[in-house]
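Since the structure comes first, as structure tokens, the remarks are kept for the end.
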Amino acid sequence: MAKNLFKVNRSGIRALLKSPEMQVILEAKASAVRKRCGEGYAQDIHVGKNRANAMVYAETYQAKKENYKNNTILKAVR
């Protein structure tokens, strides 16, 4: 049985996780979650040190109250 050894190109993976293509995928996922949440929610994407990040958050007071009471964002992610 042959051993297959490979070395991970960490800088290549980091570049892939920060790429514009990955940001488009994250934006689509965040948009789907935001739409399931309803009115008063917003989304944001930013590029961090190692990868691009997407988030959905409650923007209005009513949405914050609803999310606090019902975990709306968490349920929309599932």
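The set of residues from segment 52-64 being open to solvent by less than 100 Å² (accessible area, probe 1.4 Å) and outside any strand (DSSP E or B) comprises THR60, ALA63. Scanning segment 19-59 for residues that are in contact with a helix residue (DSSP H, G or I) (Cβ under 8 Å, 6 or more places away or on another chain) and of a type in the set (S, T, N, Q) turns up GLN43, ASN50, ASN53.
A quick yes/no check of all residues on (1) open to solvent by less than 60 Å² (accessible area, probe 1.4 Å); (2) free of Cβ contacts under 8 Å to residues at least 12 places away in the same chain; (3) within 15 Å of the chain's Cα centre (by Cα):
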site: PRO20; (1), (2), (3): no, yes, yes
site: GLN23; (1), (2), (3): yes, no, yes
site: ALA32; (1), (2), (3): yes, yes, yes
site: GLU39; (1), (2), (3): no, no, no
site: ASN50; (1), (2), (3): no, no, yes
site: GLU66; (1), (2), (3): no, no, no
site: LYS69; (1), (2), (3): no, yes, no
site: LEU74; (1), (2), (3): no, yes, yes
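The values are calculated or read from the model by the stated rules, or taken from the named source; none is laboratory data. These numbers were taken from a predicted model, which means no experiment stands behind them. Cβ sites come from the backbone with ideal geometry, for glycine too, and all protein chains shown count toward neighbours. Protein only, heavy atoms only, side chains kept; ligands, DNA and RNA dropped before computing areas. Shrake-Rupley method; radii C 1.70, N 1.55, O 1.52, S 1.80 Å.
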